Amino acid sequence: MIRSVVATVVLIAGISAVAAQQDPIKARQELMKSNSAQAKIGAAMAKGEAPFDLAKAKVIFTTLDANAGKLKTLWPAGSDKGDTKASSKIWADMAGFNADLAKFESLAKAAETPVTDLASFKTQFSAVGKVCGDCHQTYRLKKS
């Protein structure tokens, strides 16, 4: 099962790379939707609303890690205009933004290995989620 999910992630990555060259806003929105879908699965497990599933937990972190690596390329100059929730702070502080993306990628990658049960999943999921939330606080426009 993990192999088929990883294959799907790789396929999505290839499609995302082509889409990113054509429309970086749409590509990053798709990646963020993918991250959000994984976060919902993880949150349900962490809250006890869904049973803990080690295979799903590994897929969550594998997907977030793969997406984090792609996100770095999706903020080119000029992609701050249009249908985007990205704050202009990204382009004003690209170094800080890229550092936050690198931290997210590093935590997502590191989280894959130590997860063996619900308790370790909650610890890793919380750490990765905090980085996501911090980045959104700084670099995402507030919903109106």
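The values are calculated or read from the model by the stated rules, or taken from the named source; none is laboratory data. A quick note: this is a predicted structure, and the numbers were derived from the prediction, not measured. Calculation scope for accessible area: heavy atoms of the full protein, side chains included, ligands and nucleic acids excluded. Shrake-Rupley method; radii C 1.70, N 1.55, O 1.52, S 1.80 Å.
From the P(r) of segment 16-136, could you give the percentage of C-alpha pairs in the tail past 26 Å?
On the way: 1623 of 7260 pairs.
Every Cα pair in segment 16-136 considered, those over 26 Å come to 22 percent.
Taking Lys103 as the anchor, which lysines have their alpha carbon closer than 16 Å to its alpha carbon, excluding any fewer than eight residues away along the same chain?
In chain and number order, the partners are Lys70, Lys72, Lys130.
Roughly how many percent of the accessible protein surface of segment 17-72 is carbon and sulfur, given a 1.4 Å probe and a whole-percent answer?
On the way: 1570 of 2730 Å².
Roughly 58 percent, rounded to a whole number.
At q = 0.32 Å⁻¹, work out log10 I(q)/I(0) for segment 100-139 with the Debye formula, treating every Cα as an identical point scatterer and leaving solvent out; two decimals please.
Results for segment 100-139 at q = 0.32 Å⁻¹ read -1.03.
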